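> Questions regarding the structure given below will be posed in turn.
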Amino acid sequence: MPDIKITPLGAGQDVGRSCILVSIGGKNIMLDCGMHMGYNDDRRFPDFSYITQNGRLTEFLDCVIISHFHLDHCGALPYMSEMVGYDGPIYMTHPTKAICPILLEDFRKITVDKKGETNFFTSQMIKDCMKKVVPLNLHQTVQVDEELEIKAYYAGHVLGAAMVQIKVGLESVVYTGDYNMTPDRHLGAAWIDKCRPDILISESTYATTIRDSKRCRERDFLKKVHETVERGGKVLIPVFALGRAQELCILLETFWERMNLKAPIYFSTGLTEKANHYYKLFITWTNQKIRKTFVQRNMFEFKHIKAFDRSYADNPGPMVVFATPGMLHAGQSLQIFKKWAGNEKNMVIMPGYCVQGTVGHKILNGQKKLEMEGRATLDVKLQVEYMSFSAHADAKGIMQLIRMAEPRNMLLVHGEAKKMEFLKDKIEQEFSISCYMPANGETTTIVTNPSVPVDISLNLLKREMALGGPLPDAKRPRTMHGTLIMKDNSLRLVSPEQALKELGLSEHQLRFTCRVQLHDPHSDTDTLGRIYTHLKSVLKSYSIQHVPDGTVIVESIVIKVTSSAEEPNLKVILLSWSYQDEELGSFLSTLLKKGLPS
Amino acid sequence: MKLYCLSGHPTLPCNVLKFKSTTIMLDCGLDTTAALYFLPLPLVHSPRLSKLPGWVSKDGAINLEKELKECSGRVFVDSQPEFCLPEKELLDLSTIDVILISNYHCMMALPYITEHTGFTGTVYATEPTLQIGRLLMEELVTFMERVPKAHAATCWKNKEIQRLLPGPLKDAVDVWSWRKCYSMQEVNSALSKVQLVGYSQKVELFGAVQVTPLSSGYSLGSSNWIIQSHYEKVSYVSGSSLLTTHPQPMEQSSLKNSDVLILTGLTQIPTANPDGMLGEFCSNLAMTIRAGGNVLVPCYSSGVIYDLLECLYQFMDSANLGTTPFYFISPVANSSLEFSQIFAEWLCQNKQSKVYLPEPPFPHAELIQTNKLKHYPSIHGDFSSEFRQPCVVFTGHPSLRFGDVVHFMELWGKSSLNTIIFTEPDFSYLDALAPYQPLAMKCVYCPIDTRLNFHQVSKLLKDIQPLHVVCPEPYTQPPPAQPHRSDLMLELQPPPMAYRRCSVLGLPFRRRYERIHLLPELARSLVPSEIKAGVSVATVSAVLQSKDNKHVLQPVPKPAPVPPSKKRKRVMEEPPEVLNPKPLLSGAVPLEPFLAMLHKNGITEVKVEETADGHILHLQTEDVLIQLEEDATHIICDNNEPLRTALRDLVLRFLQKL
């Protein structure tokens, strides 16, 4: 029985280093190839030795697909392709292809230049890796090889994020990557058609959360920023350079404009301007409103938001700073945090999810003393606010996507085990489909039951459809009869007559003749007339003809009456039918033996 | 399968394909050449145009001086320009299921088709096609509505009168079907019916047909279309280019194995080489500017203008003309320039990779930034105060009948220092210039048409090998002006099927198969038997389910068990319910093995008699006759139904069932 196998190497009951292996119809696909922010050792990358113990991956994988540019989805890509070894195609959308190498280079710099790690991928490896990338357009059907095709759908979440459908023959899998079912200030909502995949692999970051309306969250965010600035405090918003940052910038920009605020807003890395430029060039990937008005006013040209310089952090007075990275695990955001953490007037707003082990995760859990390098401890006095702005689907959104795609099975990744459990129950209850949540390295096998495509002769099909009528009767289904010819990998269903002709066979006629004796004191013609009347009343739905040459024909069964001169009242009824009318012939001979009603 | 041809114009096609149960319109091009019969619409009052004499027939019998004006011996209609629409009477437009658009030039008649006709279908186009098509329509509407005409001239259309008019007005055809431009409201309504598609996206139509757009290399988002079922494939090639300009290159391999290829939109200027024309364009432009004159380039607001700007961007500095200002004047100039920069996915590799840097794909962004290129919505407003001469002006409409170009013709036409350079191939430049004669300004004709030429197309057809080619009639003969150039026509084997306006072609198709799916349970229950080496057959008895043009075969449901309470006898008296067709039989019943079989089943007294065609077996104890022949078996058995059925089953054992 054909099946689909799915094994997460990362993101199985966890968030981070997303990497999922799919085997479908003899093809092997790797979905995402991410790194884990919570680790600095081997666990940082997916365990590729699962695929093969020694040597390169090229012969084991038909393609690699990257859903979006976040490092937990693409951070291990150069390691996988250049250090482990993979030369096959890597698919990603144009914006992802544009932005991914920049983030990889950033990641590399922090790891190698700042932390001094060796045995890490180099700039050249990033470049070589990107040469293997084939860009994907939305809704384009890409034929990876003769059998394997992939198609990308819009996922929201970040610029260029995509969900992918993977199809071999009639079997298919959809992988959502990270997605967002509600449009935000700069991106649209994820969308997929009713493609009925055998299995839908969905992220489940917010498996248990039903988030309140976006408007409320935005108002809350603005209120907190405003209050802090009013009392002279500094606001730190750790973000990733691309994505949430742009949404929050648009939000603050319009608020500053409306309220006529003067406190400076800074954006920390040199990437800002460049990042905004990507948004301008890939405006077709943003939401409807921005796309419609971009000629008049490009939303990504900010007036109030300026580039940040390291020295500004010590400036007196209020300010708002967007700094990378988003989980406070390294870099500029962590540096600024250290400077500002001691003052209760200040505030840090975490607008997204933080992986376990990061400073962000610790302070969100209320930790007030942090151990820093060199045994120093840091007192956290500033206010810590968490606001879920990261664009993941919440429980409601996940259910909505299931309704859209109508999968036959469901598989959850990219979430915490406990929360997944809850969502899994909910999905199984509401949709009556199986839901899986494998851990890393654990394989889920789904038996598919594909139907068999066959070429049917148009004559046969049309004849059947005409006979079946426009509204087939569900209680009395019509049985159609055909001959399936199997020749050189082709399967053709034709009428038996055509099959005989095509195969050069002649038909063998099988006939039956049966004589029934009957006492009937009438002339032969009258007896035949009485038989006709009798059959007419018994066989209501059959074609019965009384032919003037002295026969009654029921369908193709011939009935004649003879008598001998000696005994004119003893009639011999002659029935003759072919094998094709066997049931009716058998019935008629039995019926007539019982005599005619008087 | 039929093709209804609603337009005879080879580059502005409008055909309707009836394929399986669907009705598909391929493009709806608008023939704007009818506008050439009309007087230009000046933006600013033109004393010259208003003083043109009205037309009165020589004998004075017909006086149409209000409607017709004479200029340099030619007569023009003084009314809002009108366009020639696709044929509306050939078939009911409300029956059209979908419209496939190949590029933004081929959709300009869309509002005439989708509005006020009962059309309820969907239009498919790529995003650049939709956005730029919208701009071109918006521009057209603005051009017309900016200069309203109080009266519409209709008297001249009267058959009796038109007959007496001087040429070419006399020879204009179907003038009653000409229509004035649509409104913005109609444009918006028409475009709201567009569904966006990407290249290589497979779009299912009613489960019966699949359509797929492919890159055609001609303009931003331009596409050819594949229309196919599991067994038949029609390729629609419209406006394709193999030259490397800004759009994504043409996808050719997917056009292979077509049963029918509908070929439209070849180059209109087969004798001109676009690269050579570009060179001539630059040198004429430089010459004029150096002499202190201005250059007027009448053009569409999207398309070749991007390439012209890119070419000039490199050329002007090298020609030491770096300070010459370029002006692009159109109500949609800004939008067109902005939109061109955001369609990276639809551009050629070279431009695409710029976006990764990130840099704008077209250099006109830099021209704008450095103030070398300025764009204005019209000649009114800022332009009048900011413009410096000598300069280069890009503006529409290329017919010279409406748009800001009319003003520049009036302004610059009198000086021989100035030059007008025609780059768009859609209009005859002599006809376009007619209402401006006498003209002192220099005229240069550098038509740039990047679409396939006959040499390229014959090579393409050789590669993709369609079984049949359908094309507009003009492609099957040399151009009228060059009757000896047999290289400027399509010569194919079998010869192409030519169409003209109002043709209805039956396409050479014989559909023989349809796709059906056997449910896995049914497939598993089949018992194949080998008939000859490599060929197996299996008898399929199943229930057909057809829904949304998808067919599925299910196993025959098991009959519900007869409730035990019912008497058996009564059941017997009911006639057999369903006429389940029996399989056909094939093969022969060999005598000896059959006798052996009878023997095994206890029938031992058999008298065998040889006949001309076989044998007659007389089963003496049972008084049954069995005729065995090569292709037939006849069992004659009275009053013993169990025996008859037993014999039947014995015979069946020797036969194959189909």
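The values are calculated or read from the model by the stated rules, or taken from the named source; none is laboratory data. Model, not experiment: these values are computed from the prediction. Note: ideal-geometry Cβ built from the backbone for every residue, glycine included; neighbour counts use all protein chains shown.
> Among the strands (runs of 3 or more DSSP E) confined wholly to segment A:304-414, which include 3 or more residues that are surrounded by 20 or more Cβ atoms within 10 Å (Cβ to Cβ)?
The qualifying strands (runs of 3 or more DSSP E) are A:319-323, A:347-350, A:409-413.
> Go through segment B:527-542 and give me each residue that's more than 7 Å from every other protein chain (Cβ to nearest Cβ) and either modelled with pLDDT under 85 or in contact with a His (Cβ under 7 Å, 6 or more places away or on another chain) (or both).
B:Ser529, B:Glu530, B:Lys532, B:Ala533
> Kindly check whether there is at least one residue in segment B:133-151 that is under 25 Å from B:Thr212 (Cα atoms) and touching a residue at least 60 places away in the same chain (Cβ under 8 Å).
Yes.
> Does A:Gly360 satisfy the condition of being assigned by the TED database to the domain that holds A:Glu257, under 21 Å from A:Leu103 (Cα atoms) and not aliphatic (A, V, I, L, M)?
Yes.
> Turning to a different aspect of this structure: With within 12 Å of chain B (Cβ to nearest Cβ) and surrounded by fewer than 18 Cβ atoms within 10 Å (Cβ to Cβ) as the only criterion, which of A:Ser589, A:Ser576, A:Ser556 stands out?
From the options A:Ser589, A:Ser576, A:Ser556, the qualifying one is A:Ser556.
> For segment B:330-365, which positions are assigned to a helix (DSSP H, G or I), farther than 16 Å from B:Pro249 by Cα and at the interface with chain A (Cβ under 7 Å from one of its Cβ atoms)?
Passing the criteria: B:Asn334, B:Ser335, B:Glu338, B:Val355.
> Quick check, is B:His484 out of contact with any Ser or Thr (no Cβ under 9 Å at 6 or more places or on another chain), assigned to a helix (DSSP H, G or I) and not assigned by the TED database to the domain that holds B:Ala291?
no
> Then there is this: Just for segment A:174-198: of the residues that are over 21 Å from A:Leu31 (Cα atoms) and of a type outside the set (A, V, I, L, M, F, W, C), which one is surrounded by the fewest Cβ atoms within 10 Å (Cβ to Cβ)?
Result: A:Lys194.
> For residues that are at pLDDT 95 or above, in contact with a helix residue (DSSP H, G or I) (Cβ under 7 Å, 6 or more places away or on another chain) and hydroxyl-bearing (Ser, Thr, Tyr), tally how many sit in segment B:239-257.
0
> If you don't mind, another one. Answer yes if at least one residue in segment A:146-161 is of a type in the set (D, E, K, R), farther than 22 Å from B:Val197 by Cβ and either within 22 Å of the chain's Cα centre (by Cα) or buried (at least 23 other Cβ atoms within 10 Å of the Cβ) (or both), and no otherwise.
The answer is yes, given that some residue of segment A:146-161 is of a type in the set (D, E, K, R), farther than 22 Å from B:Val197 by Cβ and either within 22 Å of the chain's Cα centre (by Cα) or buried (at least 23 other Cβ atoms within 10 Å of the Cβ) (or both).
> From the set of residues in segment B:630-652 that are touching a residue at least 40 places away in the same chain (Cβ under 8 Å) and assigned to a loop (DSSP other than H, G, I, E, B), which is nearest to the other protein chains (Cβ to nearest Cβ)?
Checking each candidate, the answer is B:Asp631.
> Name the residues in segment A:250-277 that are of a type in the set (Ser, Thr, Tyr) and at pLDDT 90 or above, would you?
Within segment A:250-277, just A:Tyr266 meets the criteria.
> Failed condition for A:Ile283, given (1) without any contact (Cβ under 8 Å) to a residue 24 or more places away in the chain; (2) within 14 Å of another protein chain (Cβ to nearest Cβ); (3) surrounded by fewer than 19 Cβ atoms within 10 Å (Cβ to Cβ), with all others met?
Every listed condition holds for A:Ile283 apart from (3).
> Based on this model, can you work out whether A:Lys131 counts as within 14 Å of another protein chain (Cβ to nearest Cβ), loosely packed, with under 15 Cβ neighbours inside 10 Å and either touching a Gly at 6+ places or on another chain (Cβ under 9 Å) or basic (Lys, Arg) (or both)?
yes
> I'd like the full set of residues that are exposed (fewer than 15 other Cβ atoms within 10 Å of the Cβ) and closer than 25 Å to B:Val504 by Cα, limited to segment B:459-478.
Of everything in segment B:459-478, those that are exposed (fewer than 15 other Cβ atoms within 10 Å of the Cβ) and closer than 25 Å to B:Val504 by Cα turn out to be B:Gln465, B:Leu467, B:Gln477.
> Sticking with this one: In segment B:464-488, how many are more than 21 Å from the chain's Cα centre (by Cα) and of a type outside the set (Lys, Arg)?
Of the residues in segment B:464-488, 11 are more than 21 Å from the chain's Cα centre (by Cα) and of a type outside the set (Lys, Arg).
> Let me ask something additional. Among the residues of segment B:429-441, is any within 14 Å of another protein chain (Cβ to nearest Cβ), assigned to a helix (DSSP H, G or I), surrounded by fewer than 22 Cβ atoms within 10 Å (Cβ to Cβ) and of a type in the set (A, V, I, L, M, F, W, C)?
No: segment B:429-441 contains no residue that is within 14 Å of another protein chain (Cβ to nearest Cβ), assigned to a helix (DSSP H, G or I), surrounded by fewer than 22 Cβ atoms within 10 Å (Cβ to Cβ) and of a type in the set (A, V, I, L, M, F, W, C).
> Next question, about the same structure. Restricting attention to segment A:139-153, does a residue exist that is under 22 Å from A:His36 (Cβ atoms) and outside any helix (DSSP H, G or I)?
No; the residues of segment A:139-153 include none that is under 22 Å from A:His36 (Cβ atoms) and outside any helix (DSSP H, G or I).
> Name the residue that is surrounded by the most Cβ atoms within 10 Å (Cβ to Cβ), counting only residues in segment B:349-373 that are of a type in the set (A, V, I, L, M, F, W, C) and closer than 24 Å to B:Met316 by Cα.
By that ranking, first place goes to B:Leu373.
> Can you work out which of the residues in segment A:420-435 that are out of contact with any helix residue (DSSP H, G or I) (no Cβ under 9 Å at 6 or more places or on another chain) and in a helix (DSSP H, G or I) is nearest to A:Leu242 (Cα to Cα)?
Looking at the filtered set, the residue picked out is A:Met420.
> So, of the residues in segment B:222-237 that are among the hydroxyl-bearing types (Ser, Thr, Tyr) and modelled with pLDDT of 95 or more, which turns out to be surrounded by the most Cβ atoms within 10 Å (Cβ to Cβ)?
B:Ser223
> Residues in segment B:310-327: is at least one under 24 Å from A:Lys280 (Cα atoms) and more than 14 Å from chain A (Cβ to nearest Cβ)?
yes
> Any idea which of A:Leu248, A:Leu200 is part of a strand (DSSP E or B) and either in contact (Cβ under 8 Å) with a residue 12 or more places away in the chain or within 22 Å of the chain's Cα centre (by Cα) (or both)?
A:Leu200
> Also: Go through the residues of segment B:586-604 one by one and say whether even a single one is within 30 Å of B:Pro520 (Cα to Cα), out of contact with any Cys (no Cβ under 9 Å at 6 or more places or on another chain) and modelled with pLDDT of 85 or more.
Within segment B:586-604 (the criterion being within 30 Å of B:Pro520 (Cα to Cα), out of contact with any Cys (no Cβ under 9 Å at 6 or more places or on another chain) and modelled with pLDDT of 85 or more), the answer is yes, since at least one residue qualifies.
> Continuing with this model, one more query. Looking at B:Phe509 and the list (1) in a strand (DSSP E or B); (2) more than 8 Å from chain A (Cβ to nearest Cβ), which single condition is not satisfied?
Every condition holds for B:Phe509 apart from (1).
> Based on this model, can you work out whether B:Pro642 counts as surrounded by fewer than 17 Cβ atoms within 10 Å (Cβ to Cβ) and modelled with pLDDT under 85?
no
> What pairs come out if I take residues in segment B:188-200 that are more than 11 Å from chain A (Cβ to nearest Cβ) and pair them with residues that are assigned to a loop (DSSP other than H, G, I, E, B) and surrounded by fewer than 22 Cβ atoms within 10 Å (Cβ to Cβ) whose C-beta lies under 7 Å away, six or more apart or interchain?
Within 7 Å, the pairs are B:Ser189/B:Glu115; B:Ala190/B:Glu115.
> Pick out, from segment A:464-535, the strands (runs of 3 or more DSSP E) lying fully within it that include 1 or more residues that are over 30 Å from B:His230 (Cα atoms), modelled with pLDDT of 85 or more and within 11 Å of chain B (Cβ to nearest Cβ).
Result: A:509-519.
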